[in-house]
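Shown next, in C-alpha cells, is the structure this report addresses.
None of the figures in this text is laboratory data; all of them are computed from the coordinates on show. Every value quoted in this text rests on a predicted model; they were computed, and no experiment measured them. Counting neighbours? That spans all protein chains shown, and the Cβs are built from the backbone with ideal geometry, glycine included.
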Amino acid sequence: MSEQAKTKISVQDLHLYYGQFHALKGITMEIPEHEITALIGPSGCGKSTFLKTLNRMNDLEPNVRIEGSVRLDGADIYQDMDAIELRKRVGMVFQQPNPFPKSIFENVVYGPRINGIRNKAELEEICERSLRQAAIWDELKDRLGKSALGLSGGQQQRLCIARTLAVEPDVILMDEPTSALDPISTGKIEELAMQLKKDYTIVIVTHNMQQATRVSDRTAFFLLGDLVEYGDTQELFSNPKDERTERYITGRFG
Amino acid sequence: MESTILNFGTQADAAGHRPAALKREDSMSNVHASKKTKGYYFRKEYLGRGIATGCGLFIVVLTLAIGVFLLVRGTGTFTRFHHSILEFLFSSDWSPVDTATGSGGGVGAAVFIAGSLLTCGLALLMITPFSIGAAIFMTEIAPKSGEKIFRPAVEIFVGIPSVVYGWIGLTVLVPWIKNVFHPKMGGYSVLAASIVLAVMIFPTITTVAADAIRSTPDAFRKAGYGLGSTRWQVIYRIVLPASRSGIMTGIILGLARAFGEALAVAMVIGKTRAFPKNLLSPTNNLTAEIAADMGNTASGGEANMALWTMALLLFLISMLFIFLIHLISGKGILQVEN
Ligand SMILES: Nc1ncnc2c1ncn2[C@@H]1O[C@H](COP(=O)(O)OP(=O)(O)OP(=O)(O)O)[C@@H](O)[C@H]1O
Ligand SMILES: [Mg+2]
C-alpha cells in the first residue's frame, strides 16, 4: 500500500457461509481511499460475494452467515451501521446494466428523490452534474425525458454509474461492469473509472487481466474463497509472489 | 413485450440452456428424417395445425355471430319501436309495453345503467387497495407462504359459484346492514351489492396483479436496494410502477367480471326500479333486470326488445374493457410515457 493513502475499508478475517457452503474463508484486506482496487480470480472464487459484503447486499439473500468485520472509515458496517444508510455511502454498479423502466432523468434522480429532495431545480442540477461526471451528459442531454431502456448497453451502464453518483457515495463497487459491453463502451467506462477515483474509492471485479492492469492501482487475487495475493497492481502482475497467482495471470489456470 | 420482460430476468439461464436444447432437437429431427415419410410429416404438421386453425376460426365466427345477433335484436328498440338512444340511456321511465306488437311505452334504462355503474364503481373503490396490498404481500413480503398458502386460497375464491356469494350476502350481509344502519327498506341495498361484488372480484385483481408484480425483473429490485432504498421504497417506487400495466389489466378484468355478474347482485340489490337515494337504498342493475324479466316478456315485443338492448349495452361495455386491456398491455413496462 502506498504509504500516504488512507485506508477506506478495512476487512478483518471475513468469513461468509451460504448455508453450509464456506464461500469466503477469512479475508483480511485494507482498501485505500481514492484508489481503484481490482478483484480478480477464476469464476466462482467469491469475488462477487466479497464485493457484496462491502455494502451488505448479501443481507438480501437467504441463509447467509457472516463472521469477521468490515470497517468503513473505522465503523463496523455490520455492527454500527444501518444497511440502508451504508448503501447510500457504498454504491454498486452491476454486471448487467439495470436502469429502471423510467425516463433517463427519473433514473438519475431516483436516489436524491428517496433521500427526500423534491425541488425540481435541485433535481435537475443533480441530474446534470451526475451525467457530466459519468461523461454522458452530451449524449443524453436532449433526451432526458425518454425511456432509459432505449439506450445502448454502454450508455445504460454509464447511466447506471451516473445514477450511483447522484447519491454521492464515498465508495463505488463495480461487479464486472464492462463484461456485457463492446470494446469502445468498455474503454469509456475504464476512462470514467480512472477519472472518478479522484473523488471516490473504487472496487472493481474483472475477468479481464488487461483491464486490471490498465485501470487499477491495487489488485487482489481470489481463489476458492481465499485471498491468495493482494498488492500493487504493477508489482502483482510483473512479479507475483504466489505461484498460484503467477499461473492464473499467465493463463495456465482455470 | 412479455417475452422481453422474461428474458431480462432469466437471460443467464436461457443462454446457459440453449445449446443443450438445440442439440436435443437436432438429434430428434435426424431420427425422424431417417424413419418417417412425407405422409407422417403431413399428418403431424398440417393435421394439427388444421384442427387448431379450425377451432380458432370457430371461436371467431361464434363471437361475431353473437355480436351480430345482439346487434340485430338490440337495435330493434331504436329501429322498430322508434325510441331514441338518448331516451334509452338517460330516461328513467321504464314502462315498455309487454305484448307482441304493442308499442308506445317508455324504455328508459337509466336506473339499471346507474345501478350497474354505481355498484361496480363502488366495488372497485373498496377492493382495489386491498387487492394490490394482498398482491404485494404474497409476492414481495411473504413470497414463500404467499406461494404455498395465500395464492391457492385466493384461487379457490375464483371457483366459488356466484350463487354462493349471493346466498352468503343474503343471509349474512343484508341482515347485518339492516341491524347496523336500520335503513327504511331493509338491508337490500347498493352497499350490499357492492360489497358482494367487491368480494367476488378480489381474487381476479389480486392474482393478475400478483403475476405482474412477480414478473418484475429482480435486477430492478437489486438496483433499488443498491441505491439505499428501503423495501417499501423498492415496492412503491420501482416494483409497482414497473408492473402498473399488469395491475391495470387486473382491475379491468375485475371490473368486467363485476359488470357481468347477475345472480349474486340480483339476490342482494333489492330489485327496486328507482335511483338509489343513498348507499343504503335498494335499486336495480342491468344484469339483474335482464335475468329477472327475460323469460316473462313476449318475444319480439317492446319490453323484450328493450331487454335485448340492455344486453347489447353489456356486450359493448365488455368489448370496451377488452379493448382497454389490449391498449394497456400493448404498452408494456418497456415503454415510459414522456
Ligand atoms: N446465493 C447463493 N447461494 C449459495 N451459493 C452461492 C450464492 N451465491 C454464490 N454462491 C456460491 O459462492 C461461490 C462464489 O460465488 P461468486 O458469485 O461470489 O463467484 P464469482 O467469483 O463472482 O464468480 P464469477 O466470476 O463467475 O462471477 C460460488 O461457488 C457460488 O456457487
Ligand atoms: Mg461474479
Per the charge dipole of the protein assembly as shown (beta-carbon charges, Lys/Arg positive, Asp/Glu negative, Cα centre), the residue among B:M267, B:A298, A:M92 reaching farthest to the positive end is B:A298
Phi-derived 3J(HN,Hα) across segment B:194-206 with the Karplus relation (6.51, -1.76, 1.60, θ = phi - 60°), rounded Hz, x for Gly and Pro, is 5, 5, 4, 4, 4, 5, 5, 8, 3, x, 4, 5, 4
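In this model, which of B:K178/B:K277; A:K47/A:K197; A:K120/A:K188; A:K141/A:K188; A:K241/B:K222; A:K146/B:K144 are farther than 28 Å apart at the alpha-carbon? Please list the in-between numbers first.
Values: B:K178/B:K277 16 Å; A:K47/A:K197 21 Å; A:K120/A:K188 30 Å; A:K141/A:K188 18 Å; A:K241/B:K222 37 Å; A:K146/B:K144 37 Å.
Cα-Cα > 28 Å for A:K120/A:K188; A:K241/B:K222; A:K146/B:K144; rest within.
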Once Lys and Arg are counted +1 and Asp and Glu -1 for all other residues with Cβ under 14 Å from that of B:V239, the total becomes +4
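Can you tell me the mean projection area, over all orientations, of the convex hull of the protein assembly as shown's alpha carbons? Units nm², please.
Values: hull surface 153.5 nm².
Approximately 38.4 nm², given one-decimal rounding.
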The answer for the net charge of residues other than B:E302 whose Cβ lies under 12 angstrom from its Cβ, with Lys and Arg +1 and Asp and Glu -1, is 0
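Place a +1 charge on the Cβ of each Lys and Arg in chain B and a -1 charge on the Cβ of each Asp and Glu, then give the dipole magnitude about the Cα centre in debye, rounded to the nearest 20. Show your work: numbers first, answer last.
Working: 27 positive and 18 negative charges, 226 e Å.
Using Cβ point charges on Lys, Arg, Asp and Glu, chain B gives about 1080 debye.
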Hull volume per residue for segment B:94-337, using the convex hull of the C-alpha atoms, in Å³ is 145
Taking only the alpha carbons of segment B:47-106, the radius of gyration and the largest Cα-Cα distance, Dmax, both in angstrom, are 18.6, 57
GNM of chain B, Cα pairs under 10 angstrom: of B:W232, B:W176, B:W167, the biggest fluctuation goes to B:W232
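Can you check what the net charge comes to around B:S95, using other residues whose Cβ is under 10 Å from the Cβ of B:S95 (Lys, Arg +1; Asp, Glu -1)? The partial results should precede the final answer.
Numbers: positive: B:R273; negative: B:D93, B:D98, B:E302.
Cβ neighbours under 10 Å give a net charge of -2.
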Across all Cα atoms of chain A, Rg and the largest Cα-Cα distance (Dmax), in Å, are 18.2, 57
Bounding extents of segment A:1-103 in its principal axis frame from Cα atoms, largest first in Å, are 44, 41, 32
